[in-house]
Amino acid sequence: MEYKLIRTIFYLAFLLFTITGCSQDKGENPVIDGKITDNAQEPDKPEFVNYETFGTANNGRLNEISGMVASVNNPGLFWVHNDSGDDPIIYLVDDQMDIVQSVNLQNAVYNETVLDGNGNESEITKVESIRSVDWEDITMTSIDEGNFIVVGDIGDNRAQRKSVALYSFEEPIFDGSTEISVTANKMIVKYAEGPRDAETLMSDPISGELLIMTKRDPRSKIYSFPFVAKEMVIRSKGELNLTPLIEDDGFTNTVVAGDIDRFGNLILKNYSHVFLLENPDKISALELLLGTTPKELNYIVEPQGESICWGLDLISYFTISENRGGVPQPLFRYY
(Lines give C-alpha, C1' and ligand atoms only; values in the text may rest on other atoms or scores of the structure.)
Protein backbone atom coordinates (compact mmCIF):
# COMPACT_ATOMS: atom_id res chain seq x y z
CA MET A 1 0.00 0.00 0.00
CA GLU A 2 2.83 2.41 0.94
CA TYR A 3 4.61 1.61 -2.35
CA LYS A 4 1.46 2.36 -4.39
CA LEU A 5 1.00 5.66 -2.52
CA ILE A 6 4.59 6.67 -3.30
CA ARG A 7 4.07 5.77 -6.99
CA THR A 8 0.89 7.85 -7.12
CA ILE A 9 2.60 10.88 -5.58
CA PHE A 10 5.51 10.45 -7.99
CA TYR A 11 3.28 10.40 -11.07
CA LEU A 12 1.22 13.39 -9.96
CA ALA A 13 4.45 15.33 -9.42
CA PHE A 14 5.77 14.15 -12.79
CA LEU A 15 2.64 15.20 -14.65
CA LEU A 16 2.53 18.58 -12.91
CA PHE A 17 6.16 19.19 -13.87
CA THR A 18 5.56 18.13 -17.50
CA ILE A 19 2.41 20.24 -17.93
CA THR A 20 4.08 23.24 -16.34
CA GLY A 21 7.11 22.82 -18.59
CA CYS A 22 4.94 22.62 -21.70
CA SER A 23 2.99 25.74 -20.79
CA GLN A 24 6.23 27.68 -20.53
CA ASP A 25 7.62 26.37 -23.81
CA LYS A 26 4.84 26.78 -26.37
CA GLY A 27 7.13 28.40 -28.88
CA GLU A 28 9.30 25.31 -29.26
CA ASN A 29 7.10 22.31 -28.47
CA PRO A 30 5.28 21.14 -31.63
CA VAL A 31 2.49 19.53 -29.59
CA ILE A 32 0.61 21.47 -26.91
CA ASP A 33 -2.48 19.77 -25.43
CA GLY A 34 -2.53 17.42 -28.38
CA LYS A 35 -2.64 20.20 -30.99
CA ILE A 36 -0.11 21.43 -33.53
CA THR A 37 0.74 24.96 -32.49
CA ASP A 38 0.64 27.75 -35.08
CA ASN A 39 4.37 28.36 -34.82
CA ALA A 40 5.39 24.73 -34.36
CA GLN A 41 8.34 23.45 -36.32
CA GLU A 42 8.19 19.84 -37.40
CA PRO A 43 11.35 18.03 -36.28
CA ASP A 44 13.40 16.15 -38.86
CA LYS A 45 12.91 12.43 -38.64
CA PRO A 46 16.08 10.48 -37.70
CA GLU A 47 17.11 7.29 -39.45
CA PHE A 48 15.86 5.26 -36.46
CA VAL A 49 19.02 3.13 -36.42
CA ASN A 50 19.14 3.15 -32.62
CA TYR A 51 16.90 1.38 -30.18
CA GLU A 52 16.56 0.68 -26.48
CA THR A 53 14.36 -1.57 -24.38
CA PHE A 54 12.37 -0.72 -21.30
CA GLY A 55 10.19 -2.75 -18.94
CA THR A 56 8.23 -5.93 -19.62
CA ALA A 57 4.53 -6.56 -19.14
CA ASN A 58 4.95 -9.09 -16.35
CA ASN A 59 2.06 -8.06 -14.08
CA GLY A 60 -0.24 -10.85 -15.27
CA ARG A 61 -2.92 -8.47 -16.59
CA LEU A 62 -1.24 -7.50 -19.87
CA ASN A 63 -0.69 -10.84 -21.58
CA GLU A 64 -1.88 -9.99 -25.09
CA ILE A 65 -1.20 -6.33 -25.80
CA SER A 66 -2.61 -5.69 -29.26
CA GLY A 67 -2.88 -1.90 -29.26
CA MET A 68 -0.81 0.99 -27.93
CA VAL A 69 -0.83 4.78 -28.25
CA ALA A 70 1.10 7.53 -26.48
CA SER A 71 -1.00 9.48 -24.01
CA VAL A 72 -1.33 13.19 -24.79
CA ASN A 73 -2.96 14.29 -21.53
CA ASN A 74 -0.47 12.23 -19.51
CA PRO A 75 2.93 12.75 -21.19
CA GLY A 76 5.41 9.93 -20.75
CA LEU A 77 2.67 7.32 -20.37
CA PHE A 78 0.86 5.01 -22.82
CA TRP A 79 -2.61 3.59 -23.30
CA VAL A 80 -2.68 -0.14 -24.07
CA HIS A 81 -5.26 -2.90 -24.21
CA ASN A 82 -5.36 -6.65 -24.54
CA ASP A 83 -6.59 -8.76 -27.42
CA SER A 84 -9.78 -10.82 -27.11
CA GLY A 85 -10.49 -12.45 -23.77
CA ASP A 86 -10.12 -9.43 -21.49
CA ASP A 87 -12.85 -7.24 -20.06
CA PRO A 88 -13.53 -3.92 -21.87
CA ILE A 89 -10.58 -2.18 -20.19
CA ILE A 90 -7.72 0.01 -21.37
CA TYR A 91 -4.66 0.52 -19.21
CA LEU A 92 -2.50 3.58 -18.61
CA VAL A 93 1.08 2.31 -18.26
CA ASP A 94 4.56 3.74 -17.83
CA ASP A 95 7.64 2.75 -19.83
CA GLN A 96 8.30 -0.08 -17.37
CA MET A 97 4.86 -1.46 -18.36
CA ASP A 98 3.56 -0.98 -14.84
CA ILE A 99 -0.15 -0.18 -14.74
CA VAL A 100 -0.88 3.32 -13.47
CA GLN A 101 -4.63 3.30 -14.07
CA SER A 102 -7.32 0.96 -15.42
CA VAL A 103 -10.20 2.47 -17.38
CA ASN A 104 -13.34 0.38 -17.66
CA LEU A 105 -15.45 1.12 -20.74
CA GLN A 106 -18.79 0.57 -19.10
CA ASN A 107 -21.59 1.85 -21.34
CA ALA A 108 -21.91 2.80 -25.01
CA VAL A 109 -24.18 5.45 -26.48
CA TYR A 110 -25.24 5.56 -30.13
CA ASN A 111 -28.11 6.60 -32.38
CA GLU A 112 -30.36 4.13 -34.17
CA THR A 113 -32.66 4.91 -37.07
CA VAL A 114 -36.22 3.62 -36.60
CA LEU A 115 -39.42 3.82 -38.64
CA ASP A 116 -42.77 4.90 -37.22
CA GLY A 117 -46.11 3.48 -38.27
CA ASN A 118 -46.18 5.75 -41.33
CA GLY A 119 -42.76 4.75 -42.56
CA ASN A 120 -41.09 7.99 -41.41
CA GLU A 121 -37.53 7.77 -40.16
CA SER A 122 -36.34 9.12 -36.85
CA GLU A 123 -33.36 8.54 -34.60
CA ILE A 124 -33.44 7.26 -31.05
CA THR A 125 -30.54 7.19 -28.62
CA LYS A 126 -29.61 3.80 -27.24
CA VAL A 127 -27.39 2.89 -24.30
CA GLU A 128 -25.89 -0.56 -23.86
CA SER A 129 -23.11 -2.31 -21.98
CA ILE A 130 -19.79 -2.58 -23.79
CA ARG A 131 -18.35 -5.96 -24.66
CA SER A 132 -14.81 -6.75 -25.72
CA VAL A 133 -15.16 -9.15 -28.65
CA ASP A 134 -11.78 -8.74 -30.35
CA TRP A 135 -10.10 -5.44 -29.53
CA GLU A 136 -7.18 -4.92 -31.92
CA ASP A 137 -6.04 -1.28 -31.89
CA ILE A 138 -6.32 2.09 -30.21
CA THR A 139 -5.73 5.62 -31.50
CA MET A 140 -5.94 9.26 -30.43
CA THR A 141 -7.84 12.06 -32.13
CA SER A 142 -8.61 15.71 -31.37
CA ILE A 143 -12.19 17.01 -31.45
CA ASP A 144 -13.31 20.50 -30.43
CA GLU A 145 -10.10 21.25 -28.51
CA GLY A 146 -10.23 17.94 -26.64
CA ASN A 147 -8.21 14.74 -26.95
CA PHE A 148 -10.23 11.59 -27.55
CA ILE A 149 -9.35 7.91 -27.47
CA VAL A 150 -10.85 5.55 -30.05
CA VAL A 151 -10.73 1.80 -29.40
CA GLY A 152 -11.19 -0.57 -32.32
CA ASP A 153 -13.13 -3.77 -31.70
CA ILE A 154 -12.29 -4.75 -35.28
CA GLY A 155 -10.75 -8.21 -35.11
CA ASP A 156 -12.49 -10.98 -37.04
CA ASN A 157 -10.13 -13.89 -37.65
CA ARG A 158 -12.70 -15.98 -39.48
CA ALA A 159 -14.47 -13.08 -41.24
CA GLN A 160 -17.80 -13.93 -39.65
CA ARG A 161 -18.87 -10.76 -37.83
CA LYS A 162 -21.76 -8.88 -39.45
CA SER A 163 -20.45 -5.67 -37.91
CA VAL A 164 -17.56 -4.41 -35.80
CA ALA A 165 -17.42 -1.48 -33.40
CA LEU A 166 -15.43 1.62 -32.50
CA TYR A 167 -15.65 3.29 -29.09
CA SER A 168 -14.70 6.95 -28.58
CA PHE A 169 -14.38 8.88 -25.34
CA GLU A 170 -12.43 11.84 -23.99
CA GLU A 171 -8.96 10.93 -22.82
CA PRO A 172 -8.82 10.79 -19.01
CA ILE A 173 -6.32 12.88 -17.10
CA PHE A 174 -4.64 10.82 -14.42
CA ASP A 175 -5.68 12.14 -11.01
CA GLY A 176 -4.28 9.43 -8.77
CA SER A 177 -7.23 7.04 -9.15
CA THR A 178 -6.13 3.53 -9.99
CA GLU A 179 -9.49 2.55 -11.52
CA ILE A 180 -12.19 4.60 -13.24
CA SER A 181 -15.18 3.93 -15.52
CA VAL A 182 -16.26 5.86 -18.61
CA THR A 183 -19.15 5.98 -21.06
CA ALA A 184 -18.20 5.94 -24.74
CA ASN A 185 -19.83 6.84 -28.02
CA LYS A 186 -20.22 3.80 -30.25
CA MET A 187 -19.91 3.52 -34.01
CA ILE A 188 -21.20 0.32 -35.60
CA VAL A 189 -19.17 -0.45 -38.73
CA LYS A 190 -20.20 -2.68 -41.63
CA TYR A 191 -17.92 -3.31 -44.60
CA ALA A 192 -19.55 -2.94 -48.02
CA GLU A 193 -17.42 -5.84 -49.30
CA GLY A 194 -18.45 -8.16 -46.47
CA PRO A 195 -16.76 -9.15 -43.18
CA ARG A 196 -13.05 -8.38 -42.87
CA ASP A 197 -10.35 -9.04 -40.29
CA ALA A 198 -8.48 -5.89 -39.30
CA GLU A 199 -5.93 -4.96 -36.64
CA THR A 200 -4.97 -1.41 -37.66
CA LEU A 201 -6.90 1.71 -36.62
CA MET A 202 -5.44 5.19 -37.12
CA SER A 203 -6.58 8.80 -36.85
CA ASP A 204 -5.62 11.23 -39.62
CA PRO A 205 -5.05 14.81 -38.34
CA ILE A 206 -5.07 16.15 -41.91
CA SER A 207 -8.47 14.86 -43.06
CA GLY A 208 -9.99 14.41 -39.62
CA GLU A 209 -11.01 10.88 -40.56
CA LEU A 210 -10.28 7.46 -39.10
CA LEU A 211 -8.58 4.72 -41.09
CA ILE A 212 -8.91 0.96 -40.86
CA MET A 213 -6.53 -1.33 -42.75
CA THR A 214 -7.31 -5.01 -43.19
CA LYS A 215 -5.00 -7.87 -42.27
CA ARG A 216 -5.86 -10.99 -44.27
CA ASP A 217 -6.61 -9.68 -47.75
CA PRO A 218 -3.99 -10.34 -50.49
CA ARG A 219 -3.44 -6.57 -50.41
CA SER A 220 -4.43 -4.58 -47.33
CA LYS A 221 -7.71 -2.75 -47.97
CA ILE A 222 -7.86 0.86 -46.80
CA TYR A 223 -10.99 2.43 -45.32
CA SER A 224 -11.15 6.15 -44.50
CA PHE A 225 -14.26 7.58 -42.86
CA PRO A 226 -15.52 10.00 -40.18
CA PHE A 227 -16.55 8.79 -36.76
CA VAL A 228 -20.30 8.92 -36.21
CA ALA A 229 -22.12 7.47 -33.23
CA LYS A 230 -24.41 5.23 -35.27
CA GLU A 231 -24.26 2.44 -37.83
CA MET A 232 -22.36 3.15 -41.05
CA VAL A 233 -21.45 1.09 -44.08
CA ILE A 234 -17.89 1.86 -45.21
CA ARG A 235 -16.31 1.03 -48.53
CA SER A 236 -12.65 0.40 -49.36
CA LYS A 237 -10.91 3.44 -50.89
CA GLY A 238 -7.95 1.46 -52.20
CA GLU A 239 -5.31 -1.12 -51.34
CA LEU A 240 -1.72 -1.15 -50.16
CA ASN A 241 0.73 -3.63 -51.64
CA LEU A 242 4.04 -3.99 -49.78
CA THR A 243 5.26 -7.00 -51.78
CA PRO A 244 7.45 -5.00 -54.23
CA LEU A 245 9.38 -3.49 -51.29
CA ILE A 246 10.56 -6.60 -49.48
CA GLU A 247 10.90 -10.31 -50.03
CA ASP A 248 7.55 -11.96 -49.42
CA ASP A 249 7.87 -13.92 -46.17
CA GLY A 250 4.19 -14.77 -45.90
CA PHE A 251 3.45 -11.72 -43.76
CA THR A 252 4.25 -8.95 -46.22
CA ASN A 253 0.72 -7.53 -46.58
CA THR A 254 -0.37 -8.64 -43.14
CA VAL A 255 -0.69 -5.13 -41.70
CA VAL A 256 -1.12 -5.44 -37.93
CA ALA A 257 -0.58 -1.92 -36.53
CA GLY A 258 -0.07 1.71 -37.49
CA ASP A 259 -0.02 5.27 -36.20
CA ILE A 260 -0.02 8.80 -37.63
CA ASP A 261 1.80 11.67 -35.93
CA ARG A 262 0.52 15.22 -35.55
CA PHE A 263 2.11 16.28 -38.84
CA GLY A 264 0.57 13.45 -40.84
CA ASN A 265 3.60 11.13 -41.01
CA LEU A 266 2.46 7.52 -41.00
CA ILE A 267 4.11 4.42 -39.59
CA LEU A 268 2.98 0.85 -40.29
CA LYS A 269 4.08 -2.62 -39.32
CA ASN A 270 3.49 -6.19 -40.30
CA TYR A 271 4.89 -9.07 -38.28
CA SER A 272 8.41 -8.72 -39.65
CA HIS A 273 8.92 -5.12 -40.83
CA VAL A 274 8.17 -1.48 -39.98
CA PHE A 275 7.52 1.14 -42.67
CA LEU A 276 7.50 4.95 -42.72
CA LEU A 277 5.47 7.16 -45.05
CA GLU A 278 6.68 10.74 -44.61
CA ASN A 279 4.23 13.50 -45.45
CA PRO A 280 6.02 16.72 -46.51
CA ASP A 281 3.03 17.95 -48.52
CA LYS A 282 0.58 17.38 -45.66
CA ILE A 283 -1.84 15.34 -47.74
CA SER A 284 -4.44 13.03 -46.26
CA ALA A 285 -3.38 9.62 -44.98
CA LEU A 286 -5.45 7.98 -47.71
CA GLU A 287 -3.60 9.93 -50.43
CA LEU A 288 -0.31 9.15 -48.69
CA LEU A 289 -0.98 5.42 -48.62
CA LEU A 290 -2.09 5.32 -52.25
CA GLY A 291 0.62 7.54 -53.67
CA THR A 292 3.78 7.17 -51.57
CA THR A 293 6.40 4.43 -51.52
CA PRO A 294 6.95 3.36 -47.90
CA LYS A 295 10.46 3.37 -46.48
CA GLU A 296 11.57 0.39 -44.43
CA LEU A 297 12.76 1.20 -40.90
CA ASN A 298 14.72 -0.56 -38.20
CA TYR A 299 12.81 -3.28 -36.37
CA ILE A 300 13.79 -6.15 -34.09
CA VAL A 301 11.33 -8.90 -34.96
CA GLU A 302 9.15 -9.73 -31.96
CA PRO A 303 7.35 -13.01 -31.18
CA GLN A 304 3.94 -11.51 -32.02
CA GLY A 305 4.34 -7.76 -32.38
CA GLU A 306 0.95 -6.18 -33.03
CA SER A 307 1.45 -2.72 -31.51
CA ILE A 308 3.25 0.42 -32.66
CA CYS A 309 2.95 4.11 -31.89
CA TRP A 310 4.78 7.40 -32.32
CA GLY A 311 6.34 9.02 -29.28
CA LEU A 312 5.11 12.51 -28.41
CA ASP A 313 8.58 13.84 -29.29
CA LEU A 314 7.73 12.92 -32.93
CA ILE A 315 11.23 11.49 -33.46
CA SER A 316 10.79 8.06 -31.90
CA TYR A 317 8.43 5.13 -32.16
CA PHE A 318 7.58 2.30 -29.80
CA THR A 319 6.64 -1.36 -30.27
CA ILE A 320 5.66 -4.19 -27.97
CA SER A 321 4.62 -7.79 -28.55
CA GLU A 322 2.02 -10.02 -27.01
CA ASN A 323 3.48 -12.46 -24.50
CA ARG A 324 4.60 -15.68 -26.09
CA GLY A 325 4.63 -18.96 -24.17
CA GLY A 326 4.00 -17.05 -20.95
CA VAL A 327 7.16 -14.99 -21.41
CA PRO A 328 6.62 -11.21 -20.97
CA GLN A 329 7.96 -9.05 -23.81
CA PRO A 330 9.79 -5.70 -23.48
CA LEU A 331 8.80 -2.27 -24.73
CA PHE A 332 11.11 -1.14 -27.58
CA ARG A 333 11.89 2.48 -28.42
CA TYR A 334 13.48 3.31 -31.81
CA TYR A 335 15.12 6.68 -32.38
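Tabulated data for the structure shown
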{"read-out": "[x] 28, 25, 21; [y] 33, 25, 20; [z] 39, 24, 20, with the label sought being that of the calculated semi-axes √(5λ) of the Cα gyration tensor in Å", "value": "[x]"}
{"read-out": "Inter-site label distance for Asp248 and Gln160 at 7 Å from Cα along Cβ, in nm", "value": "2.9"}
{"read-out": "Å² per residue, accessible surface of the chain at 1.4 Å", "value": "45"}
{"read-out": "Surface accessible to a 1.4 Å probe, Glu145 within the full protein complex, Å²", "value": "150"}
{"read-out": "Rule-of-thumb Rg ratio for the range 141-293 [Cα; 2.2 N^0.38 Å; N residues]", "value": "1.07"}
{"read-out": "Carbon plus sulfur fraction of accessible area for the chain, probe 1.4 Å, in percent", "value": "48"}
{"read-out": "Extended-chain gain in nm, criterion 0.36 nm per residue less alpha-carbon gap, Leu290 and Ile99", "value": "65.0 nm"}
{"read-out": "Spatial separation of Cα centroids for the range 58-87 and the range 275-297, in angstrom", "value": "27"}
{"read-out": "Additional length obtainable on full extension of the chain from Ser272 to Thr56, 0.36 nm per residue less Cα span", "value": "75.7 nm"}
{"read-out": "Estimated inter-spin distance, Ile173 and Glu112, nm [label 7 Å along Cα→Cβ]", "value": "3.6"}
{"read-out": "Count of Lys pairs (Cα-Cα under 19 Å; at least 8 positions apart or interchain) in the range 217-295", "value": "5"}
{"read-out": "For the range 264-315: relative contact order, % (alpha-carbon pairs under 8 angstrom, 6 or more apart)", "value": "39"}
{"read-out": "Protection proxy ranking of 59-69, 294-304 - average other beta-carbon atoms within 10 Å, highest first", "value": "59-69, 294-304"}
{"read-out": "Residue list for the range 107-135, given a label point 7 angstrom along the Cα-to-Cβ vector of Asp87 and an amide N cut-off under 20 Å", "value": "107-109, 128-135"}
{"read-out": "Within a Gaussian network of the chain (alpha carbon springs, distance under 10 Å), most fluctuating of Gly238, Gly119, Gly311", "value": "Gly119"}
{"read-out": "Extension reserve of the Gln304-Val133 stretch, reckoned as 0.36 nm per residue once the Cα distance is removed", "value": "59.6 nm"}
{"read-out": "Mean separation of Cα contacts under 8 Å (6+ apart) over length of the chain, as relative contact order %", "value": "17"}
{"read-out": "Spin-label model distance (nm) - Lys126 vs Asp281, 7 Å beyond Cα toward Cβ", "value": "4.3"}
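The values are calculated or read from the model by the stated rules, or taken from the named source; none is laboratory data. Given the structure is predicted, the values throughout are model-derived calculations rather than measurements. Reconstructed Cβ throughout: ideal geometry from the backbone, glycine too, with neighbour counts over all protein chains shown. Quick note on the areas: whole protein, heavy atoms, side chains included, nothing else; ligands and nucleic acids left out. Shrake-Rupley method; radii C 1.70, N 1.55, O 1.52, S 1.80 Å.
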